[in-house]
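What follows is a short report on a single structure.
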Amino acid sequence: MDDQAFEAAMAERLRVTILSGLLPPGTKLPEETLAETFGVSRTRVRPVLQRLAYEQLVELRKNRGAYIASPTPKEARDVFEARRVIERVTTGIVARTILTPSIHKLRQFIHDQETAALQGDRQGAIRASGEFHRHLAQLAHNGALVSALESLILRTSLIVALYGGPRTLSSAIEHQREIVDRLEEGNSDAAALAMERCLYAIEGALDLVHVDPPKVDLVRAIQQVPVGAAPGVPAGRRARA
């Protein structure tokens, strides 16, 4: 595996660990610890942290290092407000052009989300929910809107991991079904309204109370993520590259 692919796999492993809730927001990510865990030099850890910072999952604090991002309740509300503006537009566009295969694919994302939730796979359910919204937006064929939404969806995943509970995921599934039903009817206004209601419901199911995150064992948390979640990066140490 070349350097770029290995760094991408490292980033994915950390991303899954963060979004699974195993590493609470505010957790420090020391370069030395990550380098030792993955068996690489610190210089190979830095671009990984920069990548996650670009996705707003990690905060790089001057002279203090890297920390898992800690969105405040106000920031969480701002994210959902921005998403409602963008996704109301993209959903309305898609309703006028969507084809049957895309309807089936959206229903599959809902099914995957429900299956993961029933199996207790919270991170899998959060990811499937994000994929539903990401794929729907892509069907609008507007690169600018999709690009703006991408970072918001990742940020939402962190917010749901921090503030969400079982009701958050069930609210998403129920409203996503309504969105697809309105899309299948080709009703642009109703589909856009259903999307708006969906995002309001998810936000409303969050417990937006700021609490100090517990301290965790960084290495142990990373090792709890199944190896298959990030191909090529083992749970434990590997020979230093």
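Below, the figures for the structure above:
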item	result
Computed over the chain: relative contact order in percent, which uses C-alpha pairs under 8 Å that are six or more apart	32
His135 accessible area, 1.4 Å probe, all protein chains in place, Å² to nearest 10	30
Dipole in debye (nearest 20) - the stretch 1-141, about Cα centre, beta carbon charges: Lys, Arg +1; Asp, Glu -1	440
Exposure ranking of Val89, Val79 by accessible area [1.4 Å probe, largest first]	Val89, Val79
Test item: Cα-centred dipole of the chain, Lys/Arg +1 and Asp/Glu -1 on Cβ, debye	720
Principal-axis tilt of helix 143-163 within the chain, Cα atoms, nearest 10 degrees	70
Among Arg197, Arg64, Arg44, residue whose mean-square fluctuation peaks in a GNM of the chain (springs only between Cα atoms under 10 Å)	Arg64
Residue (of Ile110, Ser188, Gln4) at the positive-pole extreme of the chain, dipole from beta-carbon charges	Gln4
Accessible solvent surface per residue of the stretch 35-132, calculated while the other protein chains remain in place, 1.4 angstrom probe, Å²	50
Amide H contacts under 5 Å for Gly26, placed H, 5+ residues apart	Ile68, Ala69, Ser70
Angle between the chain longest axis and helix 188-204 axis [Cα atoms, degrees, rounded to 10]	40
Under 28 Å from Lys28, Cα to Cα: lysines that are on another chain or at least 8 residues apart	Lys62, Lys74, Lys215
Around Val146: net Lys/Arg minus Asp/Glu count, Cβ-Cβ under 12 Å	-1
In degrees, nearest ten, helix 73-95 long axis to first principal axis of the chain (Cα)	50
Listed residues Tyr163, Tyr54 arranged by accessible area, highest first, probe 1.4 Å	Tyr54, Tyr163
Sequence of Glu150, Glu184 from largest to smallest accessible area, 1.4 Å probe	Glu184, Glu150
Residue with peak Gaussian network fluctuation, the chain [Cα springs, cutoff 10 Å], from Ser41, Ser171, Ser129	Ser41
Length-normalised contact order of the stretch 68-177 in % [C-alpha pairs under 8 Å, at least 6 apart]	33
Relative contact order computed over the stretch 1-108 (Cα-Cα under 8 Å; 6+ residues apart), in percent	24
Spatially proximal aspartates and glutamates relative to Lys105 (Cα-Cα < 17 Å; intrachain offsets below 8 disregarded)	Glu114, Glu131, Glu174, Glu178, Asp181, Glu184, Glu185
Percent accessible area from carbon and sulfur atoms, the stretch 48-129, protein chains only, probe 1.4 Å	53
Surface accessible to a 1.4 Å probe, Asp181 within the full protein complex, Å²	60
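The values are calculated or read from the model by the stated rules, or taken from the named source; none is laboratory data. Since the structure is predicted, the reported quantities are computational estimates derived from the model, not experimental observations. Neighbour counts run over all protein chains shown; Cβ positions are idealised from the backbone, glycine included. These accessible areas exclude ligands, DNA and RNA; they are computed on the full protein's heavy atoms, side chains included. Shrake-Rupley method; radii C 1.70, N 1.55, O 1.52, S 1.80 Å.
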